[in-house]
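S.K.: Just dropping this structure here.
The values are calculated or read from the model by the stated rules, or taken from the named source; none is laboratory data. Not measured: the values here are computed from a predicted model. Cβ coordinates were reconstructed from backbone atoms using ideal geometry, including for glycine residues, and neighbour counts include every protein chain displayed. Protein only, heavy atoms only, side chains kept; ligands, DNA and RNA dropped before computing areas. Shrake-Rupley method; radii C 1.70, N 1.55, O 1.52, S 1.80 Å.
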Amino acid sequence: MTTTIEFITALFCQVADQISDIPKHPKAHLWPSEVVTLGLLHALKGVGNRPFYRWLTRDYRPLFPRLPERTRLFRLLKTHHDWTQAFLASPTVLGVIDTYGIELIHPIREGRSPQQIGRKGLSNHRWIVGGKLCLLLNQYGLVVGWDCAPANVPDNTFQWLVRQCEDQMIVLSDTAFHAAEGDPSNLKLCPRGEWEDRMLVETVLSMLTLVCHFKKVMHRGWAYFQIFRRGSRSPWPPSTSWSSGRAYGPTRRVSCPSR
């Protein structure tokens, strides 16, 4: 049975191997691989920034002896979220694309705050107010590309992800990705009940729900909403945006690091 310390160590080694070419700033307390590892752990825990920081400092502070203060740590994750680009997988012959609704507030509370960042849209045949995550996966369930947008945008908004690998991969999708003005040549629209290979993406999305608890989050700034989606680029297969395919921790809602 793998202990949490062994898991964190293995995760750190995978991250360090992947981004070894990123230099450490002379005044920085943490190496880039430490920052990315902490971001992945935060997404995996599926809790808010305060519970995560308490867990980290209480149980695993010796692993990160130069850990900065809580708000400074989460600003680091926001500033350096582009480092996770290194974990995107390569396209394969077949791929699959789908969207995932993320609820930020209950629909009855829509419009109460001028700072609301989510919009009302349909997800799994129910109305939500929040965002929409789109994942493009290869045949192994690893993330090739991703994007996020308010929940009210149609799925065909994300066709640009498919066009990026037009000469490399045939992408399976449901009919919601069809656009009246035309579809990419490598997009295969699959009516309900056809091409069961497409169910691979449902496995990955279920991991986002059960492992990282992405269905309902409490972000109040779009920048922080975006960086938490980046847990889809884990070095562990299958990738899930700061997250990986394993989890340790209770089921809790995720609160906004900026608060």
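S.K.: Which pairs break 26 Å Cα to Cα here: LYS78/LYS188; LYS188/LYS216; LYS45/LYS215; LYS45/LYS188; LYS120/LYS188?
M.R.: Working: LYS78/LYS188 35 Å; LYS188/LYS216 30 Å; LYS45/LYS215 14 Å; LYS45/LYS188 36 Å; LYS120/LYS188 28 Å.
Result: LYS78/LYS188; LYS188/LYS216; LYS45/LYS188; LYS120/LYS188 exceed 26 Å.
S.K.: Where does the Debye-calculated log10 I(q)/I(0) of region 16-104 sit at q = 0.17, 0.26 Å⁻¹, using only Cα point scatterers of equal weight, no solvent?
M.R.: Debye intensities relative to I(0), on a log10 scale: -0.84, -1.47.
S.K.: Take the alpha carbon atoms of region 106-154, find their center, do the same for region 3-72, and report the distance between the two centers in whole angstrom.
M.R.: Centre-to-centre distance over Cα atoms comes out at 28 Å.
S.K.: Please report, for the Cα atoms of region 63-132, the Rg to one decimal and the Dmax as a whole number; what are they, in angstrom?
M.R.: 18.0, 47
S.K.: Which trypsin sites (Lys or Arg not before Pro) in region 67-162 sit in a loop by DSSP (not H, G, I, E or B) and have at most 16 other Cβ atoms within 10 Å of their own Cβ?
M.R.: On the way: sites: ARG70, ARG72, ARG75, LYS78, ARG109, ARG112, ARG119, LYS120, ARG126, LYS132; in loops: ARG112.
In loop regions of region 67-162 (DSSP not H, G, I, E or B), the sparsely surrounded trypsin sites (Lys or Arg not before Pro) are ARG112.
S.K.: Can you tell me how much longer the chain between TRP222 and ILE108 gets when fully stretched, taken as 0.36 nm per residue apart minus their C-alpha distance, in nm with one decimal? Don't skip to the end; give the middle numbers.
M.R.: Working: separation 114, 0.36 × 114 = 41.04 nm, distance 2.06 nm.
The span from TRP222 to ILE108 would gain 39.0 nm if fully extended.
S.K.: Please compute the per residue accessible area over region 1-81 with all protein chains in place, 1.4 Å probe, rounded to a whole number of Å².
M.R.: Value returned for region 1-81: 53 Å² of accessible area per residue.
S.K.: Dimensions of region 85-192 along principal axes (Cα, Å, largest first)?
M.R.: 46, 34, 22
S.K.: Now a separate question. Could you report region 109-233's accessible area per residue, 1.4 Å probe, as an integer in Å²?
M.R.: Values: 6140 Å² over 125 residues.
Accessible surface, normalised per residue, equals 49 Å².
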